[in-house]
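These notes concern the structure reproduced below.
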Amino acid sequence: MTENSTPYLQNGAVTATNADEPLVRVEHLGKSFGDHIVLKDIDFSVRQGDVTCIIGPSGSGKSTLLRCINLFEQPTSGRILFHGENVTAARKANLLRRRVGMVFQSFNLFNNLNVLHNCTLGPRKVLKLKRAEAEALALKYLRVVGMDAFVNAKPRQLSGGQKQRVAIARALCMNPEVLLFDEPTSALDPEMVGEVLATMKTLAEQGLTMLVVTHEMGFARDVANHVVFMDGGVIVEEGSPEQMFTSPRQERTKAFLSRS
Amino acid sequence: MLEILREYYSDILLGVGYTMLVAVIGTLAGLLIGILIGVYRTIPNPKNKVALVFKKAGDYLLSAYVEVFRGTPMMVQAMVIFWGFALLNDGKTLDVTVSGLVIVSVNTGAYMAEIVRGGIISIDKGQFEGAHALGLTHAQTMFNVVLPQAMRNILPSVSNEFVINIKDTSVLNVIGFTELFFVAKDIVTQTYKTFQTYLLVAMVYFVLTFGISMILRLVERKMDGGKNYKILGSQNPDAETFAREVKHD
Ligand SMILES: Nc1ncnc2c1ncn2[C@@H]1O[C@H](COP(=O)(O)OP(=O)(O)O)[C@@H](O)[C@H]1O
Ligand SMILES: [Mg+2]
């Protein structure tokens with residue numbers, strides 16, 4: 001599903017990518033808003049094919065971390081490496097974002113466009129695909145999320161779960177190397193959570209690299225291969241789901257997991 | 001009143017024609033000015049210091065334009081622009097129709113600039129983020145996602161400006177522009193039927209503004225489209241049409 005290793009800054013020029021180099025590496029990342037310190041010295045990596053879940057209490061900086069990775073927020077200190085290349089400078093942001101997709105809690109579908117055109121806008125304007133190519137791509141991914149019958153619908157005509165599946169298809173149309181999810185099911189009615197999680201699970205099984213902020217512990221346990229627990233702007237503990245859920249080492253992790 | 005209409009209908013129609021010409025072109029040109037300014041003023045501040053200085057300078061100039069034209073009567077603006085042009089061109093005045101078009105456009109532009117800016121900043125920032133997350137630039141986001149929604153939202157205000165313009169072109173009589181009010185004054189000097197003439201003209205203005213309001217409301221409804229959409233390829237071979245409650249989140 002992912003098409004790998006075209007270096008994104010040197011347009012088209014081939015650079016050797018070290019096989020050991022993670023797709024995304026966050027080094028000593030710090031972020032403050034004014035004197036409010038939100039992230040402190042965050043270090044972690046996402047490897048090709050990883051499904052990483054970030055869990056932690058509300059306000060612990062999970063969204064901010066995700067938003068630093070696609071440069072929606074400018075880090076105050078530290079670096080973000082993409083294929084080993086430092087991308088922290090903000091003027092490279094839209095070059096980075098065409099390869100790092102994002103799915104939001106509030107969907108953010110384009111209200112003026114129907115489902116099909118929500119999915120073709122990025123490919124047409126950013127990837128410069130022809131209309132027919134973009135539409136074929138959109139249909140392909142709308143089929144993956146089970147929304148191909150709704151191409152003519154406007155976002156306001158869809159349920160929350162349907163909107164989120166379209167938002168996932170829209171992100172997939174850019175063929176991202178990693179897809180960031182910020183609490184993709186938190187705005188949904190309980191009966192719609194399942195359809196979105198099932199879609200995400202399918203993508204994970206197809207090998208998509210995903211970084212998911214979630215409160216769905218079942219999903220983290222069953223689908224993730226790596227779980228990161230954050231609290232107070234730091235990574236308290238990380239590890240495999242088995243280790244994190246059955247024998248967490250830190251007291252704070254234990255306390256959090258027993259509450260949720 | 002009917003005799004006035006019978007005798008002067010061609011003059012009245014001419015007045016209506018000029019009034020509508022200025023109102024339509026003035027509103028459209030004003031909207032265009034408003035869009036350009038509204039889009040410029042919502043460009044995020046550039047990181048580059050020099051670019052930032054230019055951007056800020058532009059912002060100040062444009063807000064000066066907006067404040068001056070909103071803060072003075074259009075009748076006075078008409079006199080200043082018309083006679084100012086004459087003064088700068090050795091007494092040669094600008095064509096009255098052209099002057100009228102310029103004055104109404106520039107005046108409307110000042111109001112539209114604020115209307116458009118308000119329309120843009122009222123769009124949820126999630127719409128910008130959804131587009132930026134795909135790698136779209138600010139300009140691509142603005143023209144494909146934000147402006148279409150902002151335009152729909154400001155349509156009632158734009159209609160309102162249009163109706164105001166139909167009435168306010170009457171001040172252009174001060175530069176001798178033969179719009180409807182100018183025609184009325186002319187008829188009065190010939191017939192001395194002051195009340196009947198102005199009552200008739202009032203009715204004509206009302207028919208124009210009310211008619212336009214109705215038409216624009218229809219346009220709004222058209223732009224919103226139906227509440228229905230087709231589900232494609234469902235089991236039912238005649239693709240069924242689904243109606244749903246419009247849901248807002
Ligand atoms: N744009 C911002 N300006 C100021 N403070 C912010 C901003 N975004 C987030 N914060 C603060 O950063 C902290 C972490 O927020 P967030 O990353 O959203 O946490 P989480 O996603 O884990 O709930 C919160 O205290 C929040 O108030
Ligand atoms: Mg959050």
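Coordinate-derived values only; no laboratory data. Just so we're clear, the structure is a prediction, and the values are computed from it rather than from any experiment. Using ideal geometry, Cβ is built from the backbone for each residue, glycine included, and neighbour counts are taken over all protein chains shown.
Quick notes on this structure:
- In nm, spacing of pseudo-spin labels at B:Asn45 and B:Glu3 (7 Å Cα→C-beta vector): 7.0 nm
- Among beta bridges that DSSP assigns inside the protein assembly as shown, antiparallel share in %, nearest 5: 60 percent
- Theoretical ellipticity at 222 nm over chain B - DSSP helices of four or more residues, -39500 (n - 2.57) apiece, nearest 500: -25000 deg cm²/dmol
- Of A:Lys125/B:Lys125; A:Lys128/B:Lys222; A:Lys154/B:Lys222, pairs whose Cα-Cα distance is over 22 Å: A:Lys128/B:Lys222
- The charge dipole of the range A:29-112, taken about the Cα centre with unit charges on the Cβ atoms of Lys, Arg (+1) and Asp, Glu (-1), comes to about 280 debye, rounded to the nearest 20.
- Relative to the current alpha-carbon distance between B:Ile215 and B:Leu32, full extension at 0.36 nm per residue lengthens the span by 63.8 nm.
- Taking B:Glu179, B:Glu67, B:Glu114 in turn, the Gaussian network model of chain B (Cα-Cα springs below 10 Å) assigns the largest fluctuation to B:Glu67.
- Ratio Rg/Rh [Cα only; Rh per Kirkwood] for the range A:92-163: 0.96
- Taken over the alpha carbons of the range B:1-81 as equal point scatterers, the Debye sum produces base-10 log I(q)/I(0) values at 0.14, 0.18 Å⁻¹ of -0.70, -0.91.
- When the Gaussian network model of chain B links Cα atoms closer than 10 Å, the mean-square fluctuations of B:Ile33, B:Ile175, B:Ile43 top out at B:Ile43.
- The range A:139-255 gives an Rg/Rh value of 1.02, both radii derived from C-alpha positions and Rh following Kirkwood.
- Part-to-part distance (alpha-carbon centres) for the range B:60-125 and the range B:161-204, which is given in Å: 22 Å
- Estimated FRET transfer efficiency (A:Met217, B:Ile231; beta-carbon r; R0 25 Å; 0.05): 0.10
- Of the residues B:Met151, B:Gly71, B:Ala51, the one whose Cα sits farthest towards the positive end of the charge dipole of the range B:41-154 is B:Ala51 (charges of +1 on Lys and Arg Cβ, -1 on Asp and Glu Cβ, taken about the Cα centre).
- Global form of the protein assembly as shown, assessed from the alpha-carbon gyration tensor, a/c cut-off 1.5: prolate
- For the range A:69-202, the percent of C-alpha pairs falling in each 5 Å distance bin, counted from 0 to the bin holding the largest distance, reads 2, 11, 19, 21, 19, 13, 9, 5, 1, 0.
- For the range A:135-230, with +1 on Lys and Arg beta carbons and -1 on Asp and Glu, the positive-most of A:Gly146, A:Ala220, A:Pro190 along the dipole: A:Gly146
- Legend: mean number of C-beta atoms from other chains within 10 angstrom of residue C-beta atoms, peptide B:121-130, equals 4.
- FRET efficiency, A:Thr202 to A:Asn225 (Cβ-Cβ, R0 22 Å, nearest 0.05): 0.90
- Average other protein chain Cβ within 10 Å of Cβ, residues A:101-109: 4
- Per residue, the convex hull around the alpha carbon atoms of chain A comes to 132 Å³.
- Calculated diffusion of the range B:17-150, Stokes-Einstein form, Kirkwood radius summed over Cα pairs, 25 °C and 0.890 mPa s, µm²/s: 147 µm²/s
- The residue list B:Tyr40, B:Phe181, B:Gly211 was ranked by how far each Cα lies along the charge dipole of chain B toward its positive end, using unit charges on Cβ atoms, and B:Tyr40 comes out on top.
- Remark: chain A carries a charge dipole of roughly 1040 debye about the Cα centre, counting +1 on each Lys and Arg Cβ and -1 on each Asp and Glu Cβ.
- Size of charge dipole - chain B - debye, nearest 20, with Cβ of Lys, Arg +1 and Asp, Glu -1, no other charges: 660 debye
- Derived scalar couplings between HN and Hα for the range B:173-190 equal 4, 5, 9, x, 7, 7, 7, 4, 5, 4, 4, 4, 4, 4, 5, 4, 5, 8 Hz in order, rounded to whole Hz, by the Karplus curve 6.51 cos²θ - 1.76 cosθ + 1.60 (θ = phi - 60°), x for Gly and Pro.
- Computed from Cα atoms, the angle from the helix B:2-41 axis to the main principal axis of chain B rounds to 40 degrees.
- Semi-axes of the equivalent ellipsoid for chain B, Cα gyration tensor, largest first, Å: 42, 30, 12
- Take each residue in B:134-146, count the other chain C-beta atoms within 10 Å of its C-beta, and the mean is 6.
- Relative to the longest principal axis of the Cα atoms of chain B, the long axis of helix B:194-224 lies at roughly 10 degrees.
- Gain in span if fully extended, B:Thr189 to B:Val96, counting 0.36 nm per residue against the direct Cα distance: 31.3 nm
- When the range B:129-212 is reduced to its Cα atoms, the Kirkwood hydrodynamic radius in Å: 16.1 Å
- Short-range pairs are left out: with C-alpha atoms under 8 Å and at least six residues apart, the relative contact order of the range A:130-260 is 17 percent.
- The range A:145-195 and the range A:17-78: distance between their alpha carbon centers, rounded to Å: 24 Å
- Rough spin-label spacing in nm, given labels placed 7 Å along Cα→Cβ, for B:Met79 and A:Arg143: 7.3 nm
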